[in-house]
Amino acid sequence: MFALDCLRCGWHGPDADLHRCPHCGGPITISYAAPLAVDSSRPGIWRYASRLPLHDQAHAVSLGEGGTPLLPAAHVGAELGLPQLYFKLEGANPTGSYKDRIAAVGIARLRELGKTAWAATSSGNAGAAIAAYGARAGVPGHLFTLEHAAPAKLAQILAYGPTVRAVQRLGYDPQVEQATWRNIQALCAANNWMMLVTARSFSPHAMEGAKTISYEVCEQLGERAPDVVYVPVGGGGLLSATWQGFAEWHAVGRIDRLPRMVAVQACGCDPIVQAWTAGRAVIPIDGCSSTISGIQLTAPPDGDLVLRALEESAGWAVSIPDAETYCAQADFAAREGIFVEPAAAITLAAVRADRASGRLSGDELVACWLTGTGFKDAAAVQRMAGERRVAQTTVEQILELVGGEETL
Ligand SMILES: [Zn+2]
């Protein structure tokens, strides 16, 4: 059915409860014996069950994840001289982000391995997704989050019922980040729990769910890949997984060209962009001054996998100031009718920057991964509304507006 391969030393072995190569400690990937077959009778990500790491489909758990829209830009593409600009609306997933694809596969894997609970770290979106799928499967969970997680994200997580603890200085100190993961691993090993962190370095099986975004986009574009794909990058798992998805679609001959991948980070938290610019491996940065929730990782676990994908795809990396991201978020809502969280909007800000610098010629078919819905970050929503007041009116005064368009 499927086996494990090391991305560093080439080790190959049968599927096992591993998240790292037993030989060298490198990241592992899944290799499938069966051909890639699309099962049109199943919805969402499970169309691609032949390429998801589950031995018995009876363990699958679903809330309707995947199958999200790919929309052409209505206005901002033309304004940028980029007529082929597309948005993948991952906020349309059941808990409002692409993490549902990963959580569905991760919780299915948990059931298959007979684990009794899950433990995860998350700033919000992954936590909500894992908690929702855990609740659906009837499995208890333990979430370790940031002290300053966005309140709306935290409220959503709490609604699904897991135990939640905020880890002091998590997200702002690379040593705390790495120690947290280490300690949760020990906790899981001692209790037969499943560690679910949305990074290949920790949860290679679950991360397979994310590559279905690329499969879908190729199908939605009529069996072609975009020329350039803009991906918000925190830990790096999404870019790495979706690059793999395109590569797999290409390997079976369903597309004839691969896209260039672009890693987009916030200026105040961009260890991967720094590494790419300097031509070296990723090293953790000392702190994070960006306020863009969801991509605040100072020690990105899949950072080197991102660099590898950028190199293989002839892509690049770009950092965006928070102010430009908030501006793009407001434009998404007002100009496109698309309500996204800032971490998703950062892709449009990057497209703008690359169009302005000439890096994008305008002829490319460009796709942006819009990772989460705007409801996820209430403070950012409030910022978009700004100083705008809602005028009061009486029922009678509505008639005074008749024929007086200027007062509307
Ligand atoms: Zn290895």
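A short reminder: the numbers here are calculations on the coordinates, not readings from a lab. Here the structure is a predicted model, which is why all the values come from computation and not from measurement. Quick reminder, even Gly has a Cβ in these numbers, built from the backbone with ideal geometry, and neighbours come from all protein chains shown.
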Pick out, in residue order, every one of the trypsin sites (Lys or Arg not before Pro) in the stretch 370-405 that is DSSP loop and has at most 10 other C-beta atoms within 10 Å; say none if there are none.
Arg388, Arg389
Are there cysteines in the chain with no second cysteine's Cβ under 4.7 Å away, and if so, which?
Cys188, Cys218, Cys267, Cys327, Cys368
For the stretch 158-267, count all C-alpha to C-alpha pairs, find those more than 25 Å apart, and express that count as a whole percent of the total.
38
On the first, second and third principal axes, largest extent first, how far apart are the outermost C-alpha atoms of the chain in Å?
74, 48, 46
Here the FRET efficiency for Leu221 versus Val390, based on Cβ atoms and R0 = 41 Å and rounded to 0.05, is 0.50
For the chain, what is the percent of antiparallel DSSP beta bridges, rounded to the nearest 5?
35
Candidates Gln274, Gln57, Gln329: whichever shows maximal mean-square fluctuation once the chain is modelled as a Gaussian network with Cα springs under 10 Å
Gln57
Distance in nm between pseudo-label sites at Thr163 and Arg383 (7 Å out along the Cβ direction from Cα)
3.4
Of Thr371, Thr180, Thr116, how do they rank once you tally other Cβ atoms within 10 Å and put the fewest first?
Thr116, Thr180, Thr371
Tell me which of Met1, Val318, Pro259 sits at the most positive position along the dipole axis of the chain, charges placed on C-beta atoms (Lys, Arg +1; Asp, Glu -1).
Met1
Please return the longest range in the chain lying between exposed loop sites, taking GluC sites (Glu not before Pro), DSSP loop only, at most 13 other beta-carbon atoms within 10 Å, and leaving the sites out.
224-386
I need the per residue convex hull volume for the stretch 308-398, using only the alpha carbons, in cubic angstrom as a whole number.
146
If the chain between Leu401 and Arg335 were fully extended at 0.36 nm per residue, the gain over the current Cα-Cα distance would be 21.2 nm
